[in-house]
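Beneath this line is the structure, given in structure tokens, with notes to follow.
The values are calculated or read from the model by the stated rules, or taken from the named source; none is laboratory data. All figures in this text were calculated on a predicted structure; none of them were measured in a lab. Using ideal geometry, Cβ is built from the backbone for each residue, glycine included, and neighbour counts are taken over all protein chains shown. The protein model used for the area step is the full one, side chains on, heavy atoms only, and it has no ligands, DNA or RNA in it. Shrake-Rupley method; radii C 1.70, N 1.55, O 1.52, S 1.80 Å.
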Amino acid sequence: MSLPNILVLISGSGSNLQAIIDSVAAKNLKANIIKVISSSADAYGLERASKADIPTEVHTLKTYYKDLPKSDRPQARKRFNKDLANLIVHGNIEGDEDATPKGHIVPDLIVCAGWMLILSPDFLSPLEEEGVKIINLHPALPGQFDGTHAIDRAWEAGQKGEITESGVMIHRVIQEVDAGEPLLVKKIDLRKEETVEEFEARVHALEHKAIVEGTILALKEIEEQKKKDNEEEEEKSK
Ligand SMILES: Nc1nc2c(c(=O)[nH]1)N[C@@H](CN(C=O)c1ccc(C(=O)N[C@@H](CCC(=O)O)C(=O)O)cc1)CN2
Ligand SMILES: NCC(=O)N[C@@H]1O[C@H](COP(=O)([O-])[O-])[C@@H](O)[C@H]1O
């Protein structure tokens, strides 16, 4: 039985990518990491991937924005998303099916592990058509602090006594940011006496568990769906 293939999207340090790499190496997470794509050329996660002999690509928005007037940025961002989808589905940004590199693999699952750009329908729709599932790690509870700087926002709310708990979640990626169905939610208590750095360290430790468990859950769902599809095909062929 071949292992499922995952592609990881990152933008920064890649500590969650490292948790996935380590879990694959320990054969806890039974999957192939076929590629890491970073939205930043400076992401340390690229080094983590290279050290693990995982192919990497850099796909930066600023490359598309270069020398453009701000009024042209929406169109450039549309192109950025389309090209990223083509890169993942066809192995080239043009989407040229005749130029798909030999041995190119379309992932079963994309894991957003600190990918810090909102993915538009120009990306989501082609991947959905290809049957590729996408999950995201977000350091907050469902509906609590969508978007960026969630850890800082949770800590500040805790300091004000507005909340007593936060958490991390692995959720399906839909157009509405951080609003996709959660696959996994892990809660964490907020402590008044704690600095934001101390809280952040506890959140990251929780993330590193959640990203592995959430990826395993997503892959299990994919495998179960594939089995069901195969059974339906067999029924039809009788
Ligand atoms: N369509 C979706 N795209 C993404 C989702 C999602 O659920 N749906 N999750 C995010 C990850 N994420 C939080 O978990 C997140 C990351 C970044 C942003 C954001 O506002 N990005 C800005 C740029 C911010 C910056 O440069 O500091 C932007 O894209 O313009 C929101 C949520 C991944 N994508
Ligand atoms: N909204 C998305 C978001 O805030 N993602 C956050 O980016 C960090 C990536 O760390 P890493 O690069 O060390 O894995 C993580 O804290 C993750 O929750």
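Annotations
- Coordinate range along principal axes, alpha carbons of segment 131-238, Å, largest first: 66, 25, 17
- A Cβ-based charge dipole, computed about the Cα centre of the chain with Lys and Arg at +1 and Asp and Glu at -1, lands at about 320 debye.
- Cβ-derived FRET efficiency at R0 45 Å, residue 73 paired with residue 162, nearest 0.05: 0.80
- 1.4 Å probe accessible area per residue over the chain, in Å²: 54
- Rg and Dmax of segment 38-95, Cα atoms only, in Å: 13.1, 41
- Around residue 64: net Lys/Arg minus Asp/Glu count, Cβ-Cβ under 10 Å: +4
- Estimated inter-spin distance, residue 96 and residue 174, nm [label 7 Å along Cα→Cβ]: 3.8
- Of 186/236; 66/209; 62/133; 30/66; 78/220, pairs whose Cα-Cα distance is over 30 Å: 186/236; 66/209; 30/66; 78/220
- The 3J(HN,Hα) values that the Karplus relation (6.51, -1.76, 1.60; θ = phi - 60°) gives for segment 15-25 are, in residue order, 5, 6, 4, 4, 5, 5, 4, 5, 6, 5, 4 Hz. Gly and Pro appear as x.
- Counting DSSP beta bridges with both ends in the chain, the antiparallel % (nearest 5): 40
- Length gained on full extension, residue 65 to residue 224, computed as 0.36 nm times the residue gap minus the Cα-Cα distance: 53.1 nm.
- Residues in segment 105-122 carry Karplus couplings, in order, of 10, 7, x, 7, 9, 9, 10, 7, 10, x, 7, 9, 10, 5, 8, 8, x, 5 Hz; the curve used is 6.51 cos²θ - 1.76 cosθ + 1.60 with θ = phi - 60°, and Gly or Pro positions show x.
- Residue-wise HN-Hα couplings along segment 123-138, as the Karplus relation 6.51 cos²θ - 1.76 cosθ + 1.60 with θ = phi - 60° gives them from phi, are 9, 5, 5, x, 5, 5, 4, 7, x, 8, 7, 10, 10, 9, 9, 10 Hz; Gly and Pro carry x.
- Here the gap between residue 195 and residue 57, fully extended at 0.36 nm per residue and compared with their Cα-Cα distance, gives a gain of 46.1 nm.
- Cα-based Rg / Dmax (Å) for the chain: 18.8, 66
- For segment 68-98 and segment 153-183, distance of Cα centres in Å: 30
- Share of carbon and sulfur in the accessible area of the chain stands at 50%, probe radius 1.4 Å.
- Between residue 91 and any residue 5 or more places off or on another chain, the built amide H atoms are never under 5 Å apart.
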